[in-house]
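The structure under discussion appears below in the form of structure tokens.
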Amino acid sequence: MDDLISEFLTETNESLEELDLDLVNLEQNPNDEDLIGKIFRLVHTIKGTCGFLALPRLEKVAHHGENVLGRFRAKDLEVTPEYVTLIFECIDCIKMIVADLESNGSEPEGDDSALIEKLDAVYEGRDGQDSGDGGSEAAPKEESKASEKASEGGDNITQAELDALEEAFNSTEGPVNFAENVAEETAPEPEPEEVKEAPPPAEEGATTTKTAEKSVSSQSLRVSVDVLENLMTMVSELVLTRNQLIQILRQHTDSEFTTPLQRLNHVVSDLQEGVMKTRMQPIGNAWSKLPRIIRDLSIELNKKIDLEMIGQDTELDRQVLELIKDPLTHMVRNSGDHGIEEPEDRKAAGKLETGTITLKAFHEGGHIIIQIIDDGKGLSNEKIKAKVLENGLATQEELDEMSDHQLHKYIFHAGLSTAEKVTAVSGRGVGMDVVRTNIEKIGGSVDLKSVEGKGSTFTIKIPLTLAIVSALIVESSNERFAIPQLAVRELVMASEHGDNRIETIKGAPVFRLRDRLLPLISLSDLLQLKSVDDETLQEALADEHENTTATPNEGAAPIPVKDEISTPNEDGVPASAEDRASTPSNKEQVEKPETDESRQREYIVVAQVGTTDFGIIVDRVFDTEEIVVKPVAKILRDIELFSGNTILGDGSVIMILDPNGIANHIGQIGAADEAEANVQEQQLETGRRDKTSLLLFTAGNNTPKAVPLSLVARIENIDVAKVERSGDQMMVQYREQLMPLTPFDANVQIPENGDKPVLVFTDNNRSMGLIIDNIIDITEEHIDVQIDGGQSGLLGSAIIDGKATDVVDVGHYLQSSDKDWFKDHDDDPFGGANDENGKPNGRANGHTKKRVLLVDDSPFFRNMLTPLLSIAGYDVISLESPHDALKMCDTGAVFDVIISDIEMPDMDGFEFAEKVKTDTDWKEIPMLALTSHATQKDIDRGMSVGFSNYIAKFDRDTLLDTLSQTLAENQQNIDKNAQGDAA
Amino acid sequence: MSADANTLSYEESAEDQHNAQSKEFLTIIIAGQRFGIPILQIQDVLGEQRVTKIPLAPPEVAGSLNLRGRVVTAIDVRRRLEIEPCNGVESEMGVVVEHENELYSLIIDKVGDVLRLKNENFESTPPTLDPLWRDISSGIYRLKDELLVILDVPKFVSTVHL
């Protein structure tokens, strides 16, 4: 059976079951508007879907049923038991058709005109029981032929007649000619016996439906989301219990429980993963039926529509997926129906005949964004205004004041549709308000932007609710919070003294981060966390000390309710209001504990939202954890700083901070562009000073070591217990890959257990970790290697931060951990060592690397290329101007290759090359030209003055390839010359 | 009136069938006043729990806690009813109720007995009652020697606002 049909069947069967219940309820509570709305929507959905699946009979019945329900909804028809019975008949008819469809795969033959006639009679108010005069108002545009017939019947439809008709339905099995049956049964005199007989056949009908259902459902298993949700909750509980068990077991070594518990541990982890996985699905699943719908729609409406889908792989929690499926279908349908114009209109408007609807899904700032973009006619402000006035939702004056955006929002209002015609597709005003309700149900929002004549963009923003995210756990004022890892750029430790301190400008904290000023906000100020009274603080501190080795998380255990209640004056509204008023005094309070031993350090979480950077000051930083995001309670949903809450491994509940909310709060979003401009400016400035950011650390001995920060991908604390060995090579599982670990040198002690800091270097999916002892600092210095130490792994020593510091040769470690590291570049920077031993070029210091002179006036490129070439194993000297280079030549420095920029002030690359090649000791040294734009003429000229090759500035691979190639050729030439000389 | 109310369970008794004229309520005590909550609305009764404070939340929100993997929002009933907080003399308990698919724990002083009360003893809320209390109660039962204010849980929870 067609996938679409079988899905429709399962869905419809569910809807029908619901409808039965709802209708019974409606009979008892005839004035329940929500219920009427719900029934209406269910029928509407069935009808809508039928239209696309080409099930005309079903569609027709549903359509006429919906008409009557529409009058209930519009409140111009009172809900009476008679009418409910009629609707029941309509539902039974739908059921019958559906059952047949399920067993035969096609709609049964049959005529429903009698039923339709009755439905229409009610719809048009010809049944005599109509209390209002709304019938004419809501007059249907179709089925006018029915009216003649109906006028005969007039007000004659009685309960008996209805019963008889119902019975006719129930007693039919499969395709039946209703008209005939009805004609026989609608005898004026009711026959009670017959009515009594009705139930058995009805049951029969029910059983056929059931068996048929089984046949469809055996193909796949539909599990209710509640079941999964329950499972998930139970697994979380299981995980917590396991954690407790492990905790207990830690105190009893050599317990007989160790092995079974370990097994339990694994099983639980697998189970957790499995359950999590059942909940994630690519959004493409929800889109799969859209192309067909658009295709059918374009045929039906005579339009040309293309559907483009981007980002199908975006994973969504299945619960969210289920909930947005229908709204999405609705919206796409709407775009096709209302948005895209007829080909002629499009042509007239100067557009392509074929309209495009684009569906886009992506993650953004912890949200999942789904966009539905059409290039159709857009929303008509005038039509919306007219509709709004008609429905009395706003006055003309109010409308005049409104912005387009405000006006457009009215389309999400119940009962408002701007489609002029009520078509089978849309126009009943049922769509957009349902869309909005469904999306808001899951805590999302829907927005639209529309330009009349250009098209509309609907943006659905679904928060992380239910999704699983990786988050950084931080602590402030003894409370823990989670910050989604997505927004976290880096972590900085600020100390009270020294360079890394937080400065204030009129009370506003800022931090100098690599020569940029980073605005800061203290989490405890932001959340108005009050400093806890001294006693609690002492307790907390004591806890902290106790627990630093065992379970640091416990130290931050939230205070039990008792304490909170017993210190009422600190918690009440008046208190917090006071806090806001008297910030300075409160600040002092907050700062006091910081002078305490344990509070000397603060951490800054550097977060990025859009293009805005800001720092969040926190007291402590814990680990990153995968957390299950749970929506916050409704009464707390207005706090924009939180995007949800979660339960941590130790069972405590913590709030998840919303970086977007924080950014909004500190009012920076608006200044984003400015900030971006500043960043670029500052970056240039940074470069001009020609300094390198260096990470300082110790390893082995006490001499500080420095490594360019740009080469370090991450700094990790790796649990020694997780380190595995393969031969002599230590390795650790890192981000689902094996990462080789190399101790900095033999003196680095690796303890039995605990954590060890590791610098992670990454290149092309390959990582290696360098085990060190301690991270000291990050600093920015000009590296001036003064003593060229012979030790392998060191470039030499330099004065950094006033201390003699070893500058680390990262290339050495990369090479030693992974012999293939440089394979991609097809070059072997260390391979030439043997050749060079014999050469009289003054490499007495045992340097085995090729020396590269880089001349470029742009500090940016010098900064970019120097580490790049260093990583590739070259020894790089970078100079700002050719003049400096020539001076260096005079001092007798020797290089293996010179890379020079072309456009430079004072002396350009051509001139420089000419000079070098004509009358210096460097004339044998190959030269490479580096340029951002080169014409053939330039290249020719370059070649004529002595450059051996031209390289584009941004092409890293070509640069490395050309470099090694040039060096190899040069080596051959030298060898040849040497041979020639010998001969 | 057991302090260890964690395990309280209320099973339907045979009485239910022939007692359609009455309803069961769990009585709770706040600052000496007895309140009743319809027993069917109660999910759980908790002892003292570890509660995480929620910054910026309304003052009557005591925080959130973990109940078997579900996040429960704790509401301080004393503060909600504008009663002076007690000074920790009495133990705290939480009555967990569900409202619109979300769980709330009402933090109260003590849990009392479960009472089956006859409908004839029910009266609507007197108009002279403090408007704040009137908003959250659905009526009053006359007990022998005191009055039982019935807490309207949906109203009580949904009127907590920022």
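The values are calculated or read from the model by the stated rules, or taken from the named source; none is laboratory data. Because the structure is predicted, anything quoted here is derived from the model rather than measured. We place every Cβ from the backbone using ideal geometry, glycine too, and count neighbours over all the protein chains shown.
Being of a type in the set (Asp, Glu), surrounded by 14 or more Cβ atoms within 10 Å (Cβ to Cβ) and within 18 Å of residue B:112 (Cβ to Cβ) is the filter here; which residues of region B:134-162 pass it? Let's see the steps before the verdict.
Let us first name the residues in region B:134-162 that are of a type in the set (Asp, Glu), namely B:135, B:145-146, B:152.
Still in the running and surrounded by 14 or more Cβ atoms within 10 Å (Cβ to Cβ): B:152.
Result: no residue meets the conditions.
Among (1) in a helix (DSSP H, G or I); (2) over 19 Å from residue A:11 (Cβ atoms), there is one condition residue A:58 misses while meeting the rest; what is its number?
Among (1) in a helix (DSSP H, G or I); (2) over 19 Å from residue A:11 (Cβ atoms), residue A:58 violates only (2).
Would you check which residues across region A:614-642 are within 25 Å of residue A:735 (Cβ to Cβ) and either among the polar types (S, T, N, Q) or touching an Asp or Glu at 6+ places or on another chain (Cβ under 8 Å) (or both) and list them?
Selection gives A:618, A:620, A:621, A:622, A:624.
For residue B:37, indicate whether it is at negative phi, more than 11 Å from chain A (Cβ to nearest Cβ) and in a strand (DSSP E or B). Don't jump to the end; show me each part of the working.
Details: at negative phi: yes; more than 11 Å from chain A (Cβ to nearest Cβ): yes; in a strand (DSSP E or B): yes.
Criteria met by residue B:37.
From the list A:240, A:231, pick out the single residue that is within 11 Å of another protein chain (Cβ to nearest Cβ), within 24 Å of residue A:653 (Cβ to Cβ), part of a helix (DSSP H, G or I) and touching a Gly at 6+ places or on another chain (Cβ under 7 Å). Before you say what the answer is, go through the steps one by one.
Values: A:231 fails: touching a Gly at 6+ places or on another chain (Cβ under 7 Å).
Checking each option against the conditions leaves just A:240.
Determine if region A:81-88 includes at least one residue that is in contact (Cβ under 8 Å) with a residue 40 or more places away in the chain, outside any loop (DSSP other than H, G, I, E, B), under 19 Å from residue A:326 (Cα atoms) and of a type in the set (A, V, I, L, M).
Looking for residues that are in contact (Cβ under 8 Å) with a residue 40 or more places away in the chain, outside any loop (DSSP other than H, G, I, E, B), under 19 Å from residue A:326 (Cα atoms) and of a type in the set (A, V, I, L, M), one finds none in region A:81-88, hence no.
What single numbered condition from (1) at pLDDT 85 or above; (2) in a loop (DSSP other than H, G, I, E, B); (3) more than 10 Å from every other protein chain (Cβ to nearest Cβ) fails to hold for residue B:97?
Failing condition for residue B:97: (2).
Are there any strands (runs of 3 or more DSSP E) wholly within region A:297-415 with 2 or more residues that are more than 22 Å from residue A:436 (Cα to Cα), and if so which? Let's see the steps before the verdict.
On the way: elements: A:305-310, A:315-317, A:355-364, A:367-374.
Qualifying strands (runs of 3 or more DSSP E): A:305-310, A:355-364.
Report, ordered by the first and then the second residue, all pairs with beta carbons closer than 7 Å, sequence separation of six or more or different chains, a first member in region A:905-919 that is modelled with pLDDT of 80 or more, and a second member that is aromatic (Phe, Trp, Tyr).
A:913/A:947; A:916/A:922
Do you know which of the residues in region B:134-162 that are free of Cβ contacts under 8 Å to residues at least 40 places away in the same chain and part of a loop (DSSP other than H, G, I, E, B) is nearest to the other protein chains (Cβ to nearest Cβ)?
Out of the qualifying residues, it is B:159.
Say we look at region B:41-60 and pick out the residues that are crowded, with 18+ Cβ neighbours inside 10 Å, at the interface with chain A (Cβ under 7 Å from one of its Cβ atoms) and in contact with an Asp or Glu (Cβ under 8 Å, 6 or more places away or on another chain); which of these is farthest from residue A:479 (Cα to Cα)?
Restricting to residues being crowded, with 18+ Cβ neighbours inside 10 Å, at the interface with chain A (Cβ under 7 Å from one of its Cβ atoms) and in contact with an Asp or Glu (Cβ under 8 Å, 6 or more places away or on another chain), the top hit is B:51.
Across region A:56-74, which residue is surrounded by the most Cβ atoms within 10 Å (Cβ to Cβ) among those that are touching a helix residue (DSSP H, G or I) at 6+ places or on another chain (Cβ under 7 Å) and more than 14 Å from residue A:87 (Cβ to Cβ)? Write out each step before concluding.
Quick first cut of region A:56-74, residues touching a helix residue (DSSP H, G or I) at 6+ places or on another chain (Cβ under 7 Å) only: A:57-74.
Next, only the ones that are more than 14 Å from residue A:87 (Cβ to Cβ) stay: A:57-60, A:74.
Values: A:57: 20, A:58: 27, A:59: 21, A:60: 19, A:74: 14.
Checked region A:56-74; the qualifying residue surrounded by the most Cβ atoms within 10 Å (Cβ to Cβ) is A:58.
Scan (1) within 24 Å of residue A:629 (Cβ to Cβ); (2) within 8 Å of chain A (Cβ to nearest Cβ) for the single condition residue B:105 breaks and write down its number.
Failed condition: (2).
Going by the conditions given, is residue A:298 touching a residue at least 60 places away in the same chain (Cβ under 8 Å), hydroxyl-bearing (Ser, Thr, Tyr) and outside the structural domain of residue A:237 (by TED's automatic domain parsing)? Before you say what the answer is, go through the steps one by one.
Working: touching a residue at least 60 places away in the same chain (Cβ under 8 Å): no; hydroxyl-bearing (Ser, Thr, Tyr): yes; outside the structural domain of residue A:237 (by TED's automatic domain parsing): yes.
When the stated conditions are applied, residue A:298 does not pass them.
Please state which of the following conditions residue B:84 fails to meet, knowing it meets all the rest: (1) under 14 Å from the mean Cα position of the chain (by Cα); (2) within 14 Å of chain A (Cβ to nearest Cβ); (3) exposed (fewer than 14 other Cβ atoms within 10 Å of the Cβ).
Among (1) under 14 Å from the mean Cα position of the chain (by Cα); (2) within 14 Å of chain A (Cβ to nearest Cβ); (3) exposed (fewer than 14 other Cβ atoms within 10 Å of the Cβ), residue B:84 violates only (1).
Given the criteria more than 16 Å from residue A:42 (Cβ to Cβ) and buried (at least 24 other Cβ atoms within 10 Å of the Cβ), does residue A:115 qualify? Please lay out each step first, then the result.
Values: more than 16 Å from residue A:42 (Cβ to Cβ): yes; buried (at least 24 other Cβ atoms within 10 Å of the Cβ): yes.
When the stated conditions are applied, residue A:115 passes them.
Suppose we keep only residues that are exposed (fewer than 13 other Cβ atoms within 10 Å of the Cβ) and not in a strand (DSSP E or B) within region B:122-133. Which one would you say is nearest to the other protein chains (Cβ to nearest Cβ)?
Pass one, region B:122-133, residues exposed (fewer than 13 other Cβ atoms within 10 Å of the Cβ): B:123-124, B:126-128, B:130-132.
Within this subset, residues satisfying the condition of being not in a strand (DSSP E or B) are B:124, B:126-128, B:130-132.
Values: B:124: 22, B:126: 28, B:127: 27, B:128: 27, B:130: 18, B:131: 19, B:132: 15 Å.
Among residues in region B:122-133 that are exposed (fewer than 13 other Cβ atoms within 10 Å of the Cβ) and not in a strand (DSSP E or B), the one nearest to the other protein chains (Cβ to nearest Cβ) is B:132.
Return yes when residue A:20 is surrounded by fewer than 20 Cβ atoms within 10 Å (Cβ to Cβ), touching a helix residue (DSSP H, G or I) at 6+ places or on another chain (Cβ under 9 Å) and in contact (Cβ under 8 Å) with a residue 24 or more places away in the chain and no when it is not. Break it down into steps so the answer makes sense when it comes.
On the way: surrounded by fewer than 20 Cβ atoms within 10 Å (Cβ to Cβ): yes; touching a helix residue (DSSP H, G or I) at 6+ places or on another chain (Cβ under 9 Å): yes; in contact (Cβ under 8 Å) with a residue 24 or more places away in the chain: yes.
For residue A:20, the condition - surrounded by fewer than 20 Cβ atoms within 10 Å (Cβ to Cβ), touching a helix residue (DSSP H, G or I) at 6+ places or on another chain (Cβ under 9 Å) and in contact (Cβ under 8 Å) with a residue 24 or more places away in the chain - is met.
Select from region A:429-482 the residues that are at pLDDT 75 or above, within 14 Å of chain B (Cβ to nearest Cβ) and not in a loop (DSSP other than H, G, I, E, B) and list them in ascending order.
Listed by number, the residues that qualify are A:473, A:474, A:475, A:476, A:479, A:480, A:481, A:482.
For residue A:944, indicate whether it is surrounded by fewer than 17 Cβ atoms within 10 Å (Cβ to Cβ), assigned to a helix (DSSP H, G or I) and at pLDDT 80 or above. Can you show your working first?
Values: surrounded by fewer than 17 Cβ atoms within 10 Å (Cβ to Cβ): yes; assigned to a helix (DSSP H, G or I): yes; at pLDDT 80 or above: yes.
So residue A:944 fits the description; yes.
Can you tell me how many residues in region A:612-669 are assigned to a loop (DSSP other than H, G, I, E, B), within 13 Å of chain B (Cβ to nearest Cβ) and not acidic (Asp, Glu)? Show your work before the answer.
First, pick out the residues of region A:612-669 that are assigned to a loop (DSSP other than H, G, I, E, B): A:619, A:629, A:631-633, A:637-641, A:648-652, A:658, A:666-668.
If we keep only those that are within 13 Å of chain B (Cβ to nearest Cβ) as well, we get A:629, A:631-633, A:637-641, A:648-652, A:658.
Among the residues that remain, those that are also not acidic (Asp, Glu) are: A:629, A:631-633, A:637, A:639, A:641, A:648-649, A:651-652.
Residues flagged as assigned to a loop (DSSP other than H, G, I, E, B), within 13 Å of chain B (Cβ to nearest Cβ) and not acidic (Asp, Glu) within region A:612-669 amount to 11.
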